[in-house]
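Below: the structure, in structure tokens.
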Amino acid sequence: MTLIICPGIHDVALSDRFLAALNQQLTTIGSTLHIAEGQVFPSDREAPFNGLAVWSFLQEQANPAEPLVLIGFSAGVVGAIAAANLWQGQGRMVAAAIAVDGWGVPQVGDFPLYRVSHDYFTHWSSAVLGAGADSFYADPPVDHLDLWQFPDRAAGFWVSSSARGRPTTKATTAIAFIAAIICQYEGASPSDR
């Protein structure tokens, strides 16, 4: 599995903090994954909402033989979803996309989309554009940028889809949710399509 992170338009230090929190959480839950800075789209040099720029980054950084998992934040969700569709259009596997506060971005693509929201309103109103798979919302609400730089401090609820049509919720943090989703795909292979 290849994991690529597409930040939004903000100070790079926020993404550094997100990366540190994610790696810490992956270690805590026993994952062997370690996300390096080279897996983070350079949003300080290119527009993260530019799907072609993100796709070009994928061409350089992602292994086309491995399933791809993308994490996008804010404007980076636009670029991540567009690039995922281009990647998939080349016959490559997109295992999943995680949209962190990608409010207003519709679920477009033939792959699971997981939403992470800084409050319940964003969670609810984003679901109108495609609820996707499981999701998370912060409760109490947190600031948009704090969700990205301090996902380990964003407490809230994991909303799971249910076979009976009624979703279930579980208290957790944003980073625990994100790491758990990533770990679902850690051992995925292209034949798992």
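Read the figures in this text as sums done on the coordinates, not as results from a lab. Bear in mind the structure is a predicted one, so any value in this text is a computation, not a measurement. Glycine gets a Cβ as well: all are built from the backbone with ideal geometry, and neighbour counts include every protein chain shown.
What does the net charge come to around residue 136 if you take all other residues with beta carbon closer than 15 Å to its beta carbon, with K and R at +1 and D and E at -1?
In short, -3.
Putting +1 on Lys and Arg Cβ atoms and -1 on Asp and Glu Cβ atoms, find which of 25, 36, 116 reaches farthest to the positive end of the dipole of the chain.
116
I'd like the distance between the alpha-carbon centres of segment 81-153 and segment 45-76, rounded to an integer number of Å.
Comparing the Cα centres of segment 81-153 and segment 45-76, I get a distance of 15 Å.
Using just the helices of the chain, give the 222 nm mean residue ellipticity in deg cm²/dmol: DSSP H runs with n ≥ 4 each add -39,500 (n - 2.57), and the total is spread over all residues, rounded to 500. Please report the intermediate quantities before stating the final value.
Values: 6 runs with 69 residues, N = 193.
Dividing the helical sum by the residues of the chain leaves -11000 deg cm²/dmol.
Give me the one-decimal Kirkwood hydrodynamic radius in Å for the chain, with the sum taken over alpha-carbon pairs.
16.3 Å
For the chain, modelled as a GNM with alpha-carbon contacts under 10 angstrom, which of 36, 176, 154 fluctuates the most?
So, out of 36, 176, 154, the one fluctuating most is 36.
Which of the trypsin sites (Lys or Arg not before Pro) found in segment 1-108 are in a DSSP loop and have at most 14 neighbouring Cβ atoms, other than their own, within 10 Å?
Sparse-neighbourhood loop trypsin sites (Lys or Arg not before Pro): 45.
Taking the Cα centre of segment 1-154 as the origin, how large is its charge dipole in debye, to the nearest 20, when only Lys and Arg (+1) and Asp and Glu (-1) carry charge on their Cβ atoms?
280 debye
Add +1 for every Lys or Arg and -1 for every Asp or Glu among the other residues with Cβ under 15 Å from the Cβ of residue 85, and state the total.
Here the count lands on 0.
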